[in-house]
1. Taking VAL244, is it surrounded by 15 or more Cβ atoms within 10 Å (Cβ to Cβ), in contact (Cβ under 8 Å) with a residue 60 or more places away in the chain and under 19 Å from ALA39 (Cα atoms)?
2. Limited to the stretch 169-214, what total is found for residues that are of a type in the set (Phe, Trp, Tyr) and near the ligand (Cβ under 9 Å from one of its atoms)?
3. Scan VAL262, VAL251 and give me the residue that is crowded, with 22+ Cβ neighbours inside 10 Å, more than 11 Å from the ligand (Cβ to nearest atom), closer than 16 Å to ILE190 by Cβ and among the β-branched types (Val, Ile, Thr).
4. LEU158 - would you say it is surrounded by fewer than 17 Cβ atoms within 10 Å (Cβ to Cβ), within 14 Å of the ligand (Cβ to nearest atom) and on the phi < 0 side of the Ramachandran plot?
5. What number of residues within the stretch 30-52 satisfy the criterion of being outside any loop (DSSP other than H, G, I, E, B) and either within 14 Å of the chain's Cα centre (by Cα) or without any contact (Cβ under 8 Å) to a residue 24 or more places away in the chain (or both)?
6. ARG52 - would you say it is basic (Lys, Arg), outside the structural domain of PHE279 (by TED's automatic domain parsing), in contact with a helix residue (DSSP H, G or I) (Cβ under 7 Å, 6 or more places away or on another chain) and within 16 Å of the ligand (Cβ to nearest atom)?
Amino acid sequence: MPRIAYVNGRYVRHADAVVHVEDRGYQLADGVYEVCEIAKGFIVDEKGHLDRLGRSLSELRMAWPLERQALELIMREVIRRNHVHNGMVYLQVTRGVSPRDHAFPTKPVRPALVVTAKRMDPRAAAKKADKGMAVITVPENRWERVDIKTIGLLPNVLARQAAVDAGAQEAWFVDPDGTVKEGASTNAWIVTNDGSLVTRPADFGILRGITRATVLKVAAELGLKVEERRFSVEEAQTAREAFVTSATSLVTPVVSIDGKAVANGHPGSIARSLREAFFAIAEKSPTC
Ligand code: PDD
C-alpha cells in the first residue's frame, strides 16, 4: 500500500509528492510547520498545535492556506489514507510559489500546503524512553524568534548531527550565561533534588512546546511542584532527573549530559510517571 501525501490540493503518492522549484519554502525557508502525535487513533493536542500554527503564520504575516476546518479535514484524510493509528502528522505552510526575491511577492500568491502522515511503532518509542537519551550541549546560535515554528532549522540540524557524531541523541542549546534553552527538537526539563520540576519560561527564547504545556497540566494533576525558571548545564548535570518533551518523544528521560551521568545514569521515576499519565490528560481528537 503506497504512502499518500497532500500537496497543494492533491492527494498524491508520497514517492511522487513534489513542490515547485520556486516554492519559497524550498528556496528561502520562508515557511512554518507543525508536527502532531497520533496515538491510538487520536490526534494529540490538535487544538494547541493548530493555534500555534496560526500564531506562527501571523508572526510572519502569512495567511492560512485554507480555512482551519478544511485543514483539519485534510489532516484526517491523510491520516486515513495512510492507515495511521499510531504515528505523526506533519503540516507545512510556505509563503507560496513566486520568482525568487527576498521581499514578499508583490502579486498575492496562495500559501503552499503540504501534509504528510507516518506510522510509528509506539513500542519503539517506549523502548527509547526506557533506555533514556544522552544529550550534549552546544552554544546557542539561532535567531531570537525561535518561538515561531519555522522550517528554517539549519542550526537545529547541525546541533542534532553534532549529538549523533558524539554518540548522543539530542543537543541542548546553551546561552552565553550557561543556561539551557531547549533541544534541537525538544523542550528541556530537570527535576531538582527536592522533587520540583524546572523548565525555562516559554518567552521568546524557546519554542512554546505544546507537549510542554500538557506536561505542566500533568504535573499539576500529579501534585508536583513546578518552577518556570532558567537552569544551568551544571545544575542539570547534578539534578535528580532530566528529561525532554516533544510531540514525537512525549516525555523521554535524559540519562547523561556532555558525558556526565544524571543521578545514577538511569531514567528517573518522575519522568516515567509524567509519561505514563500524559495520554490521560492530553487533549485527544478522533481521527475520523
Ligand atoms: N519539534 N523545541 C523545538 C526547537 C522543537 O522543534 C520542538 C518540536 C519542541 C517541542 O514542541 P512540541 O511539544 O510542540 O512538539 C521544542 C518537532 C517535534 C519537530 O521538529 O519534529
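The values are calculated or read from the model by the stated rules, or taken from the named source; none is laboratory data. Computed from a predicted model, the values in this text were never measured in an experiment. All Cβ positions, glycine included, derive from the backbone under ideal geometry; neighbour counts span all protein chains shown.
1. yes
2. So the first thing to find is which residues in the stretch 169-214 are of a type in the set (Phe, Trp, Tyr), and the list is 172-173, 189, 204.
Subset that is near the ligand (Cβ under 9 Å from one of its atoms): 173.
Matching residues across the stretch 169-214 total 1.
3. Just a single option satisfies the conditions, and that option is VAL262.
4. yes
5. 14
6. Criteria met by ARG52.
Conditions (1) of a type in the set (D, E, K, R); (2) within 15 Å of the chain's Cα centre (by Cα); (3) more than 15 Å from VAL244 (Cα to Cα), marked per residue:
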position: VAL146; (1), (2), (3): no, yes, yes
position: ILE151; (1), (2), (3): no, yes, yes
position: GLN161; (1), (2), (3): no, no, yes
position: GLY167; (1), (2), (3): no, no, yes
position: ASP177; (1), (2), (3): yes, no, yes
position: ALA188; (1), (2), (3): no, yes, no
position: VAL191; (1), (2), (3): no, no, no
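Quick grid of which residues meet (1) buried (at least 19 other Cβ atoms within 10 Å of the Cβ); (2) outside the structural domain of SER98 (by TED's automatic domain parsing); (3) within 15 Å of ARG81 (Cα to Cα):
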site: HIS14; (1), (2), (3): no, no, yes
site: VAL18; (1), (2), (3): no, no, no
site: TYR33; (1), (2), (3): no, no, no
site: ASP45; (1), (2), (3): yes, no, no
